[in-house]
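So the structure is just underneath, and the comments pick up after that.
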Amino acid sequence: MKQYNLGIEATLEIIGGKWKALIICLLMSGVKRTGELQRNINGISQKVLIQQLRELEKDGLVRRHVYQQMPPKVEYSLTEYGVTANRIVDVMCGWGRENIALRQQQGEDIVLLENKEPAF
């Protein structure tokens, strides 16, 4: 039997890590192919992206649709359950913007490319 001390442990088990929240954020704007996701997530390798997508699919947040054609075409979207993660991701985005503003006020050379962030 799996046990958690706090609810956040269960949340982080599913969307924790460096990439999963970003993937969810990008899929909030609609269906994406693997290449689209990789172009929009700086620093992620194709191997890691596919691994993260498969984990999100296993956890029921992402749907993978394979088209039977040549060359192969695969698209990813959020499931109905995955869309519920929007509340968490939106709060994380807001907190991140506030954190960046605070760090800028403290003199840190940091910038948020606001036009790169998907609109909810």
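A 1.4 Å probe run over the chain, with the rest of the protein chains in place, finds 70 Å² accessible per residue.
For Rg and Dmax of the Cα atoms in Å, pick the label among (1) 16.0, 54; (2) 23.2, 81; (3) 18.4, 56 that corresponds to the value derived from the coordinates. Evaluating Rg and Dmax of the Cα atoms in Å on these atoms matches (1). Summarising the label geometry, the points placed 7 Å from Cα in the beta-carbon direction at Asp90 and Val111 lie 2.9 nm from one another.
Roughly what angle does helix 46-58 make with the longest principal axis of the chain, taking Cα atoms, 0 to 90 degrees, to the nearest 10? For helix 46-58, the angle is close to 80 degrees. Rounded to the nearest 500, what is the chain's calculated 222 nm mean residue ellipticity when only DSSP H runs of at least 4 contribute -39500 (n - 2.57) each, over all residues? The per-residue figure over the chain is -15000 deg cm²/dmol. Within the same chain, lysines fewer than 8 places from Lys2 are excluded, and of the rest, those with a Cα less than 29 Å from its Cα are Lys18, Lys20, Lys47, Lys58. Checking every one of the GluC sites (Glu not before Pro) in region 5-38 against DSSP loop status and a limit of 12 other Cβ atoms within 10 Å picks out no site at all.
For Leu78, the residues whose amide H sits under 5 Å from its own are Arg63, ignoring neighbours fewer than 5 places away on the same chain, with H placed 1.01 Å from N.
The values are calculated or read from the model by the stated rules, or taken from the named source; none is laboratory data. In this text the structure is predicted, and so the values were computed from the model without any measurement. Note: ideal-geometry Cβ built from the backbone for every residue, glycine included; neighbour counts use all protein chains shown. Keep in mind that these areas ignore ligands, DNA and RNA; they rest on the heavy atoms of the full protein, side chains included. Shrake-Rupley method; radii C 1.70, N 1.55, O 1.52, S 1.80 Å.
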